[in-house]
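Here's the structure, in structure tokens; my notes come after.
Each value in this text was obtained by applying a stated rule to the coordinates, not by laboratory testing. Computed from a predicted structure; not experimentally measured. Here Cβ is always computed from backbone atoms with ideal geometry, including for glycine, and neighbour counts include all displayed protein chains.
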Amino acid sequence: MDDTPAESLSDNRNAKTRQLLGMKGATTGDTSIWKIRLQLMKPITWIPLIWGVVCGAASSGEYTWTLENFLKSAACMLLSGPLLTGYTQTINEYYDRDIDAINEPYRPIPSGAISLPQVISQAWVLMLSGIGLAYILDVWVGHEFPTITAMTLFGVFIAYIYSAPPIKLKQNGWLGTYALGSSYIALPWCAGHALFGELDWKIVVMTVIYSFAGLGIAIVNDFKSIEGDTKLGLKSLPVMFGVKTAAWICVTMIDVFQIAIAAYLIFIHQQLYAAILLLMVIPQMVFQDMYFLRDPLGNDVKYQASAQPFLVLGMLVVGIAIGHANF
Ligand SMILES: C/C(=C\COP(=O)(O)OP(=O)(O)O)CCC[C@H](C)CCC[C@H](C)CCCC(C)C
């Protein structure tokens, strides 16, 4: 049956929003070059990195609600989200253009909506603005060693080797998903922490361990592209181990590493926060059982939408707990 005019108008609006956010199911067709540029930067993917900065600010234990602190954290969110994640996604689209021409020909580059020189210049502008802003932040907070600039350079390097040949980390299931998981948790967290407090090895180790839960989340994203990845020789975990085993690896990583962080909170005498974190893990396990483990291919998106809020709230709980422990 054909859609009513009201339904097709709403579908059209929905597709346009998806286009701006860089989500699947986006509209194609004529649109302004700025919308196409934004689509390349996939704004929907900025959220976890912006959140990571919030968790880091909390774990520093030094964040107070002043205008200056608010502006510093807003600048760091601009760095981790629009600039650096935008850069990462732009070069990912650039280097994946041949795969996308087969799997998703409507994306900006394969559809011809933007030229390659325009994409390259966008990547340069985002990367250089990111490095520049990181340096400004280091000067602003008076770092003797430019910690945030160093992390930015490291992030830019990882982002490049994740997508670009000859290394193309994303071809390797374990390394690619860990790079993704740690860039969603460890890097922005450490940046937010360094902005307000002293970044010591304990925070770095804790976030690096927490990133294994992020690795689990990154595996969930690979179920949608098993067919294309198999054809093109990309060794994602579902391709290497099969759907069922990869789904179990995924949930084990997500649960075990969050529980390990709860154990760490107990170790630093933050029992209440440990208990709250464990309470956040329970609904995730329920959704794993209800949705993901029963049908990883059909329920991947439903699982992410239901369980992710508990994982990200758990991250903030950990940030606040560490901030308290540091006092
Ligand atoms: C490009 C990324 C994911 C897309 O992966 P994939 O191609 O498998 O998926 P699609 O087919 O759906 O496109 C993200 C890769 C992240 C990268 C490894 C590192 C990012 C670095 C951070 C942006 C740096 C943050 C630094 C800081 C100081 C806040």
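Extension gain, Ile209-Leu313: 0.36 nm per intervening residue step, less the Cα-Cα distance, totals 35.7 nm. Between Thr230 and Phe157, the modelled label-to-label distance comes to 3.7 nm, taking each label 7 Å out from Cα in the direction of the beta carbon.
Contact order, relative form, for the chain: 19 percent (alpha carbon pairs under 8 Å, 6 or more residues apart, mean separation divided by residue count). Treating r as the C-beta distance of Thr252 and Glu104 and R0 as 35 Å, the FRET efficiency rounds to 0.70. With a Förster radius of 25 Å applied to the C-beta separation of Leu128 and Leu71, the computed FRET efficiency comes to 0.70. When the Cα gyration tensor is reduced to axis lengths a ≥ b ≥ c, the ratio a/c is 1.5 or higher for region 135-284, and with a/b not above b/c it is classed as oblate. One decimal place: the segment Ile167-Arg97 gains 23.5 nm when fully extended, by the rule 0.36 nm per residue minus the C-alpha distance.
Work from the charge dipole of the chain (Cβ charges, +1 for Lys and Arg, -1 for Asp and Glu, about the Cα centre) and give the residue of Ile120, Val204, His193 farthest towards its positive end. Of the listed residues, the answer is Ile120.
Give the lysines reachable from Lys42 as a straight Cα distance under 30 Å; neighbours fewer than 8 places away on the same chain don't count. Cross-link targets: Lys16, Lys24, Lys72, Lys168, Lys170, Lys224, Lys231, Lys235, Lys244, Lys302. Peptide packing: for 292-300, 182-190, 208-216, the average count of neighbouring Cβ atoms within 10 Å per residue gives the ranking 182-190, 208-216, 292-300, highest mean first. Mind checking which of Thr31, Trp46, Thr64 is farthest towards the positive end of the chain's charge dipole, using Cβ charges of +1 (Lys, Arg) and -1 (Asp, Glu) about the Cα centre? The one lying farthest along the dipole's positive direction is Thr31. Helical runs assigned H by DSSP (4 residues or longer) give the chain a calculated mean residue ellipticity at 222 nm of -24000 deg cm²/dmol, each run adding -39500 (n - 2.57) before division by the residue total. Rounded to the nearest 20 debye, the dipole size of the chain about its Cα centre is 240 debye, using +1 on the Cβ of Lys and Arg and -1 on the Cβ of Asp and Glu. For the pair region 196-255 and region 118-143, the centres of their Cα atoms are 28 angstrom apart.
Computed 3J(HN,Hα) for region 152-167, one whole-Hz value per residue from the Karplus formula 6.51 cos²θ - 1.76 cosθ + 1.60 where θ = phi - 60°, is 5, 4, 4, x, 4, 5, 4, 4, 5, 6, 5, 9, 8, x, x, 6, glycine and proline marked x. For the pair region 80-109 and region 289-322, the centres of their Cα atoms are 25 angstrom apart.
Each Lys and Arg adds +1 at its Cβ and each Asp and Glu adds -1 at its Cβ; summed about the Cα centre, region 158-288 shows a dipole of about 340 debye. Checking the a/c ratio against 1.5 first, then a/b against b/c, what shape does the Cα gyration tensor give for the chain? Note, shape of the chain comes out oblate.
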